[in-house]
Amino acid sequence: MEQQQNRQVPPPMESPGKRFWELWGPLLIKWAIGIGVGVAAMIALMMVYIGTHYTTSEALNALMQNQDQMMGLYEKILVKYLNYSTMIEGVAALCTIPIMAVMFHKDRVKEKIRGVIPNKKAPLWKYVAIIIMALAMCLGLNNLIIIGNLSAIDESYVETMNALYSAPLGLQIICLGILVPICEEYVFRGLFFQRMRARTTYRYAAIYSSLVFGLLHMNLVQMIYGFVLGIMLTYVYEKYGSLRAPIAAHMAMNLLSVLATEFQMYEWLIKDSMRIGVITVLCATVAASMYVWIQRIEEKPEIPEHKIENENLAV
């Protein structure tokens, strides 16, 4: 995979400020949109609650003057906010996707102008291997988290999962299974990883972008989970030559997590230690087999014939 880097034309020299914005700008935009949507949701919930429970100006004034009541109100609004966290995540992703898509398209145009030759795009039928590998890795890693009882040492992980998976199933599928994966793949693979890829080696860009992807999940379990799967997602992006590859893998993993939680599959697995152990080993075997198969995909850029002739003439 490193051979592609030698064929690429590096970006022009940049000032430190511009370089920082090029790499971290997409993450900052995503973060700002997430905060904006969250604040808007909190204000809306507060206005609805106050309008429902404090119908007179006297009652509202009494509320404003009583600090204990204000804290109680805040706690009630926070509970309601957590109940809507899945929808809030989906709305934030929906608002972010168009901006990231425009930035992604502009990057590809700039690369074309610089003479960058992209990796070959794998045919759609080979995406089956991605989905199978992603599902096996997702199930296997979740099983290891259960076997290692990692959730017991990370209360924030449990709270996050309970909040996200408490929404109606249809909402979970749309928000967590479709919108969030598209948004995160544009940000972390299509922009952050790819911009680093243009400036350094594949290995460094993959590890660094995956580390950031994991750390931004803000709890220990998801940090480990996100880092491991981030490496896989950058790999399939590189091999398949299209952002559709990590999007498909990410969607498959999130949908499996949603459905497995909804239908209590993990509770069924943990009832029998032999069962969860065998399935975990089977997942590792399937994922490794798909990885070996995917390795055979030829990702080297296709150099147009006129460019090859020009190179030969130059030699």
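The values are calculated or read from the model by the stated rules, or taken from the named source; none is laboratory data. The shown structure was predicted, so the numbers you read here are calculated from the model rather than taken from an experiment. For neighbour counting, all protein chains shown are included, and Cβ atoms are generated from backbone atoms with ideal geometry for every residue, glycine included. When the accessible area is computed, the model is the full protein with side chains, heavy atoms only, and any ligands, DNA or RNA have been set aside. Shrake-Rupley method; radii C 1.70, N 1.55, O 1.52, S 1.80 Å.
Observations on the model:
- Just so you know, in the range 218-246 the residues that are surrounded by fewer than 19 Cβ atoms within 10 Å (Cβ to Cβ) and among the β-branched types (V, I, T) include one that is nearest to R189 (Cα to Cα), and it is I231.
- Residues in the range 206-220 that are assigned to a helix (DSSP H, G or I) and not hydroxyl-bearing (S, T, Y): A206, I207, L211, V212, F213, G214, L215, L220.
- Among the residues of the range 263-281, those that are of a type outside the set (A, V, I, L, M, F, W, C), surrounded by 11 or more Cβ atoms within 10 Å (Cβ to Cβ) and under 26 Å from the mean Cα position of the chain (by Cα) comprise Y266, E267, T280.
- Condition check for Q172 on (1) out of contact with any helix residue (DSSP H, G or I) (no Cβ under 8 Å at 6 or more places or on another chain); (2) at pLDDT 95 or above; (3) not aliphatic (A, V, I, L, M): one failure, at (1).
- Here P98 passes the criteria (1) over 29 Å from T285 (Cβ atoms); (2) at pLDDT 85 or above; (3) open to solvent by 90 Å² or more (accessible area, probe 1.4 Å) except the one numbered (3).
- Any hit, the range 292-303, residues being within 30 Å of A167 (Cα to Cα) and of a type in the set (A, V, I, L, M): no
- Candidates M87, M70, M47: the one that is open to solvent by 30 Å² or more (accessible area, probe 1.4 Å) and under 29 Å from the mean Cα position of the chain (by Cα) is M87.
- One residue from E111, E159, E185 being charged (D, E, K, R), out of contact with any Ser or Thr (no Cβ under 9 Å at 6 or more places or on another chain), crowded, with 20+ Cβ neighbours inside 10 Å and assigned to a helix (DSSP H, G or I): E185
- Selection count where residues are touching a residue at least 12 places away in the same chain (Cβ under 8 Å) and of a type outside the set (V, I, T), scope the range 99-109: 5
- Flag: M223 matches the condition of being in contact with a Gly (Cβ under 8 Å, 6 or more places away or on another chain) and part of a helix (DSSP H, G or I).
- Residue satisfying all of: in the range 170-201; hydroxyl-bearing (S, T, Y) and touching a Phe, Trp or Tyr at 6+ places or on another chain (Cβ under 9 Å); nearest to M100 (Cα to Cα) among these: Y186
- Among the conditions (1) of a type in the set (V, I, T); (2) open to solvent by 30 Å² or more (accessible area, probe 1.4 Å); (3) touching a residue at least 60 places away in the same chain (Cβ under 8 Å), the only one that I117 does not satisfy is (2).
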